[in-house]
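The values are calculated or read from the model by the stated rules, or taken from the named source; none is laboratory data. What you are looking at is a predicted structure, and each value in this text was computed from that prediction instead of being measured. A quick note on method: Cβ atoms are made from the backbone with ideal geometry, for glycine too, and the neighbour counts reach across all protein chains shown.
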Amino acid sequence: MKNSILKIVTLIICIYSRSLDCEAQVIDNKVNIYAEYIIGIFHGKELIEEKNFIYPSLYNNLKDIDGISLKWLYKNHQHISLGINVILLQASNWEYTGHSEYHGSKIKMQSISPTIQFHSKFSETNIFNRGRVFIEIGPTVGLSKLTLSNPLFDIQNEKDAVSIPMKSNDIFYGLTGNVGLEWAITQLIGIYITYSLQFNWVTSKLYNDNQFTSSQLGIGIIMKFKKDKRYFY
Amino acid sequence: MMKRIFLLFGLLSIVSNGFSQKDNNLISFKTDSDIIYGICFTNKGKALGIADNNTIKVYSTDSRELLNEFKNGHENQVLSIDISQDSTILVSGGKDSTIVIWDLVNNKILSSLSNQKGIITSVQISPDGNYLVSGGTDNNAYLYDLEKSEVIQVFSDHTDDITSVKFSPDGKLIATASGDKIINIYEVKSFKLIGSLTGHRSWVRDISFSKDGTKLISCGDDSRIITWNISDIYKIRKQNAKKVGLDWLLSIDFHKDKGTYAYGGMNGEIKIVTPIGSYILKIARPIQKILFNPQRIYLKVAVATRGNGVIMTDTRNMKWKDFSKFR
């Protein structure tokens, strides 16, 4: 399903871009909204050693991450924009040979990140007439919602009423950095790709990971608002 | 994962290929800067003034030879220039908030005016050579007595940057275009505001009177071209409005022949519209200013661009689009 959507979007953008003439100058605008589809992976050791016990990591053995992000940026300097990034990710497909603790489990992560973006300007000539590179950095705070598909442990004594936790909501915090390239299609719409790196700290009762690192590749659409009317003076 | 990465890069390469820029071989004038904001013709069209950074250069339009250079009047980029009908006075205004009045014949500064607080975006000398009007980012239009170099009236009705100021061909009216989406018409004699023309939905960038003074044409960031009937100045009405594309239109100029005008804007397209069809030329650089050459050989325009300096072209280099096909 996702593949089909991606193919259709690709096709539409290709046809649309072909049908357009080159615009001579893209105006830097004051407000940008970025909507992005993200795929990614977790990085780090698959096993965690703690108090002489070795556990398989929850995050680092989740093979699939995907999600969306929505970012609002306001340009308050020629090369600097400030804004807010909201990221919604989900991770699944936990795999580690010989272990089945988190098989079928899913994590949904919602995070918010105040972002500062350093960007180039659209130039009069060359490739940067339509393209713009940017680097972003910002602190992140979020909620990681784990849903287990199986209980992590069995209760032997059936007489005792013990509730087995199957869900855990944990707050994480950290840093997010992005590098990206944006390409203006018209004065109003552009597309972009980003590579992001996130480093976060987390604590939970249902897993032993206390930090996780992920990298993500994103493709998205930029909607541009509030043009800089005094662009030449 | 790799498949997706390839797909992303494939997509980007296809899109970027679709935007490759094309440059035409056009007549150009040698300027230091590739970004030119202000140009003007002498009355007969034999010479062209170009605001090249903080210098004004005057070229022969036929040989493209540099005839004269006006230096040391401005400290920053000149945005607008004009030459009097008798080709004796040159005025210039720009980013340094200064208007300089030059003796065009003897190449010397007659006076330097610093009454305006903001950037000066537009200047024009009245057809009789007695007045000068200017506008800029302080939202005011200033009427000067050119000989005395004194402000005789300040028009303060706009609420945003003034982008263009023009005298009517008989010199009796002044039109001012602004970022507040309004065009104001003033009577020179009484300094009265005769009319405020509303119809644009974004910044009005340029205005031009028809040579008989019965029409005014305007363009702006809303991609609209509006023709106003001003034959009766107390009953000004919108005669025609059309939206052309999606880009900002930065400059427009009426030709001597009724109903013919040229315009250009951010998309780098020069268009000369006649009653029976239009001529189009794409130069892939934003057009800051477009002016018809007063010499009446062909429909010939000088174009100040953002990236290609100043070019001149006539309809022989342009693509013809016949309106009758669409009727």
Quiz prompt | Checklist (1) surrounded by fewer than 22 Cβ atoms within 10 Å (Cβ to Cβ); (2) of a type outside the set (Lys, Arg); (3) touching a residue at least 24 places away in the same chain (Cβ under 8 Å) applied to B:Ile120, failing item | solution = (1)
Quiz item: For region B:297-324, which residues satisfy the criterion of being over 16 Å from the mean Cα position of the chain (by Cα) and either among the aliphatic types (A, V, I, L, M) or within 14 Å of chain A (Cβ to nearest Cβ) (or both)?
Solution: B:Ile297, B:Leu299, B:Gly307, B:Asn308, B:Met318, B:Lys319
Quiz item: In region B:73-87, what residues are over 21 Å from the mean Cα position of the chain (by Cα) and touching a residue at least 24 places away in the same chain (Cβ under 8 Å)?
Solution: B:Gly73
Quiz prompt | Candidates B:Asp180, B:Asp161 - the one that is under 16 Å from the mean Cα position of the chain (by Cα) and surrounded by fewer than 24 Cβ atoms within 10 Å (Cβ to Cβ) | solution = B:Asp161
Self-check item: Selection from region B:199-255 of residues that are within 14 Å of chain A (Cβ to nearest Cβ), out of contact with any Lys or Arg (no Cβ under 9 Å at 6 or more places or on another chain) and either farther than 19 Å from B:Lys289 by Cβ or part of a strand (DSSP E or B) (or both)
Solution: B:Arg205, B:Leu246
Practice problem: Kindly indicate the residue of region A:180-220 that is within 14 Å of chain B (Cβ to nearest Cβ) and among the β-branched types (Val, Ile, Thr) and also nearest to A:Ile84 (Cα to Cα) among those meeting that condition. | Solution: A:Thr194
Quiz item: From the residues in region B:117-127 that are farther than 24 Å from B:Gly213 by Cα and in contact with an Asp or Glu (Cβ under 7 Å, 6 or more places away or on another chain), which one is nearest to the other protein chains (Cβ to nearest Cβ)?
Solution: B:Gly118
Exercise. Would you be able to say whether some residue in region B:275-296 is among the aliphatic types (A, V, I, L, M), on the phi > 0 side of the Ramachandran plot and within 14 Å of another protein chain (Cβ to nearest Cβ)?
Key: yes
Quiz item: Out of region A:98-124, which residues are outside any strand (DSSP E or B) and in contact with a helix residue (DSSP H, G or I) (Cβ under 9 Å, 6 or more places away or on another chain)?
Solution: A:Tyr102, A:Ser120, A:Lys121, A:Phe122, A:Ser123
Practice problem: Return a yes/no flag: does region A:42-62 have any residue that is within 12 Å of chain B (Cβ to nearest Cβ) and either surrounded by fewer than 16 Cβ atoms within 10 Å (Cβ to Cβ) or at pLDDT 90 or above (or both). | Solution: no
Self-check item: Residues located in region A:75-85, provided they are part of a strand (DSSP E or B) and loosely packed, with under 15 Cβ neighbours inside 10 Å
Solution: A:Ile80, A:Ile84
Quiz item: Of the residues that sit in region B:128-148 and are within 14 Å of chain A (Cβ to nearest Cβ) and assigned to a loop (DSSP other than H, G, I, E, B), which one is nearest to B:Lys117 (Cα to Cα)?
Solution: B:Asp138
Quiz item: Tally time: how many residues in region B:89-116 are basic (Lys, Arg) and within 14 Å of chain A (Cβ to nearest Cβ)?
Solution: 1
Quiz item: Looking at this structure, is A:Leu152 under 21 Å from A:Gln117 (Cβ atoms) and either of a type outside the set (S, T, N, Q) or modelled with pLDDT under 85 (or both)?
Solution: no
Self-check item: Search result, residues across region A:222-233 that are within 12 Å of chain B (Cβ to nearest Cβ) and either modelled with pLDDT of 85 or more or in a loop (DSSP other than H, G, I, E, B) (or both)
Solution: A:Asp228, A:Lys229, A:Arg230, A:Tyr231, A:Phe232, A:Tyr233
